[in-house]
Amino acid sequence: MISITDRTRDILNIFGALLWVFIVIVSWIGIPGLSYIGLLAAALLSIIYFILGTTVRGKIGVIVPLIYPLLPMAIFWIIAFTVAYSTRGQSTTTWIIGLHPGQFWSLLFFWIGTFLTSTLGYAIYFDKYILPSDNWETFLEEVKKNKKGYVE
């Protein structure tokens with residue numbers, strides 16, 4: 001387990017905000033090579049949000065969720081953004097279900113790859129790593145304790 005302290009979380013949030021600023025500026029500038037770096041920055045931003053979202057009580061696992069499902073999802077994202085960038089501006093007479101081939105493969109890698117990877121990771125690892133039974137029981141006790149003090 002890796003400890004995610006408040007300071008680490010703050011640094012990740014600040015880095016995420018800086019990535020947003022970078023992505024917006026890169027999209028305004030419109031230089032092709034820099035745009036690709038902006039796409040990769042979007043993948044990095046998604047990784048930061050994933051890490052922040054899967055942290056439980058200030059800790060995150062190394063194998064789960066960092067190696068799986070995050071690593072395969074990052075690979076899918078990089079492939080999707082690379083395909084989108086490399087097929088930009090190309091005209092074609094061949095369409096796949098109404099989409100430009102570059103857009104189709106980008107969507108396939110980004111959305112389907114991410115969905116399948118995260119769904120499989122959730123199904124396999126959620127009970128054991130993300131919310132084990134003892135954490136669930138602790139959570140229910142906290143809810144009951146807080147509910148007693150709640151007045152409708």
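Any read-out appearing in this document is the output of simple, stated calculations on the displayed coordinates, not a laboratory observation. Computed from a predicted structure; not experimentally measured. Ideal geometry is used to build each Cβ from the backbone, glycine not excepted, and the neighbour counts take in all protein chains shown.
What about Tyr49, is it of a type in the set (Phe, Trp, Tyr) and surrounded by fewer than 15 Cβ atoms within 10 Å (Cβ to Cβ)? When the stated conditions are applied, Tyr49 passes them. From the list Leu116, Leu66, the lone residue that is buried (at least 16 other Cβ atoms within 10 Å of the Cβ), aliphatic (A, V, I, L, M) and closer than 30 Å to Thr8 by Cα is Leu66.
Would you mind stating whether Ile51 is part of a helix (DSSP H, G or I), free of Cβ contacts under 8 Å to residues at least 40 places away in the same chain and of a type in the set (Val, Ile, Thr)?
Answer is no for this residue.
Taking Pro101, is it touching a residue at least 60 places away in the same chain (Cβ under 8 Å) and surrounded by 14 or more Cβ atoms within 10 Å (Cβ to Cβ)? Criteria not met by Pro101.
Residues that are surrounded by fewer than 16 Cβ atoms within 10 Å (Cβ to Cβ), among the β-branched types (Val, Ile, Thr) and touching a helix residue (DSSP H, G or I) at 6+ places or on another chain (Cβ under 9 Å) within segment 83-98 comprise Thr92, Thr94, Ile96, Ile97, listed in sequence order.
Consider segment 22-40 and keep the residues that are aliphatic (A, V, I, L, M) and farther than 13 Å from Tyr85 by Cα. The one that is farthest from the chain's Cα centre (by Cα) is Ile29.
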